[in-house]
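Working notes, structure below.
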Amino acid sequence: MSDFAPVGFLQNPHAQSILASTSLRRLRIYPRARAMLNASKTVILDCGDGHQLLGEYSAQPKRSKGLVTLIHGWEGNARSSYMLSAGGALYNAGYDIFRLNLRDHGASHHLNKELFNSARLSEVIGAIQNIHKTYPHEWHFLAGFSLGGNFSLRIAAKAQEMGLNIKQTVAICPVVDPEKTMVALETGWWVYEKYFVRKWQKSLQKKIRLYPELGYKNNLLKLKTLRDMNHYFIPNHTEFASPEDYFKAYSIAGEVLNTLSSPAHIIASQDDPIILIEDFARLATNEHLHIETKQYGGHCGFVKNYQLESWLDERVLEIINLSRFPSGHPSASTVTQ
């Protein structure tokens, strides 16, 4: 089992959370991700019911070890630093990579009129079904970050029902209880809420320019906090009457993961300022679920040294490699270091 032991200021959760996405780190990522990016082709997926999602597929020039589908976090996209970093490492190790954009993320705002919300699970399952059908492999894997980790685990819990053969799911700092995560964003370090407000508003501005009939242009200018935005957009642009109902719809606390039928591995940090470590104790007990926690790492950080190299990429690759040989998979249901 790989250990993660950063030193100095890299033990700070905010440093970890921010460094993972800095422009300086992107400069280090691009050379390692170049082969994947050179092989990348943009794909529009039919997800059923008239919905479409956008992704980028990178195939190996020769034989592949399998296909890994990656799902980004909220207001990230297929070209986020962590997606390029993980995707590049997996591609260089011999895997085909599909980097999926959720609705209204990346350059996909034009594909669907209705706004993104995190309860739109069926279209993401439709996307995964399309990916598996279009790019058949003996070995299919799924990995997601933050909200993408939440989606990945919900997909894995429905995989058997939906006819998906996923050998291994990996979720990095997945959202467990969305309501508690929103409170953490609102009451924690102000930088996080400001970041997500700015990103969400920018996305919504792009959407309203494409679909002015959605009618929220003037209201958007008045909304300054995540709470304001949730209380306006949830009752007016989702099927849910209140934020509380909406958050429950994509929570994975309780028995949601009880239907997991293939290995799912969670990587979390005890100092995550956005996803509280206590939430993971509320997940269903399932023989297929493995939870690995680290003392440090922040939110989807896990930067291991001052060269800004990623421990996370190595660990995800290790888990996926081990899953190709079931006897090598960790047997304990919970791993804590």
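The values are calculated or read from the model by the stated rules, or taken from the named source; none is laboratory data. Everything quoted here is computed from the prediction, not taken from an experiment. Glycine also receives a Cβ, built like all others from the backbone with ideal geometry; neighbour counts cover every protein chain displayed.
Annotations
Here is a yes/no grid of residues against (1) modelled with pLDDT under 95; (2) of a type in the set (D, E, K, R):
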{"residue": "L45", "(1), (2)": "no, no"}
{"residue": "E56", "(1), (2)": "no, yes"}
{"residue": "R63", "(1), (2)": "yes, yes"}
{"residue": "L90", "(1), (2)": "no, no"}
{"residue": "R99", "(1), (2)": "no, yes"}
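- Matching residues in the range 263-273 - criterion: being in a loop (DSSP other than H, G, I, E, B) and surrounded by 18 or more Cβ atoms within 10 Å (Cβ to Cβ): P263, D271, D272, P273
- Checked against the criterion of being in contact with a helix residue (DSSP H, G or I) (Cβ under 9 Å, 6 or more places away or on another chain), within 27 Å of S21 (Cα to Cα) and surrounded by fewer than 17 Cβ atoms within 10 Å (Cβ to Cβ), the range 123-134 contains not a single residue that satisfies it.
- Flag if F145 is crowded, with 20+ Cβ neighbours inside 10 Å, within 14 Å of the chain's Cα centre (by Cα) and of a type in the set (F, W, Y): yes
Okay, residues lined up against (1) crowded, with 18+ Cβ neighbours inside 10 Å; (2) farther than 29 Å from T22 by Cα:
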residue: N219; (1), (2): no, yes
residue: L223; (1), (2): yes, no
residue: A241; (1), (2): no, yes
residue: D245; (1), (2): no, yes
residue: A249; (1), (2): no, yes
residue: L257; (1), (2): yes, yes
residue: D279; (1), (2): yes, no
residue: A284; (1), (2): no, yes
residue: C300; (1), (2): yes, no
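- From K180, K217, K224, K207, residue being under 30 Å from K133 (Cβ atoms) and either touching a helix residue (DSSP H, G or I) at 6+ places or on another chain (Cβ under 8 Å) or among the acidic types (D, E) (or both): K207
- The range 302-325 - residue that is of a type outside the set (D, E) and in a loop (DSSP other than H, G, I, E, B) and, of those, surrounded by the most Cβ atoms within 10 Å (Cβ to Cβ): F302
- Lone unmet requirement of (1) within 19 Å of N150 (Cα to Cα); (2) touching a residue at least 24 places away in the same chain (Cβ under 8 Å) for Y306: (1)
- Residues of the range 58-107 classified as in a loop (DSSP other than H, G, I, E, B), on the phi < 0 side of the Ramachandran plot, among the small types (G, A, S) and buried (at least 20 other Cβ atoms within 10 Å of the Cβ), total: 4
- Given (1) exposed (fewer than 15 other Cβ atoms within 10 Å of the Cβ); (2) modelled with pLDDT of 95 or more, index of the condition S23 fails: (2)
- Among the residues making up the range 17-62, a single one is free of Cβ contacts under 8 Å to residues at least 60 places away in the same chain, in contact with a strand residue (DSSP E or B) (Cβ under 7 Å, 6 or more places away or on another chain), of a type in the set (A, V, I, L, M) and farther than 29 Å from F196 by Cα: A39.
- Of all positions in the range 241-252, none carries a residue that is part of a loop (DSSP other than H, G, I, E, B) and in contact with a Gly (Cβ under 7 Å, 6 or more places away or on another chain).
- Identity of the residue in the range 34-57, among the small types (G, A, S) and surrounded by fewer than 18 Cβ atoms within 10 Å (Cβ to Cβ), that ends up farthest from H110 (Cα to Cα): A35
- Neighbours by Cβ (under 9 Å, 6+ apart or cross-chain): first from the range 206-229, more than 19 Å from H110 (Cβ to Cβ) and touching a residue at least 12 places away in the same chain (Cβ under 8 Å); second in a loop (DSSP other than H, G, I, E, B) and not hydroxyl-bearing (S, T, Y): M229/L223
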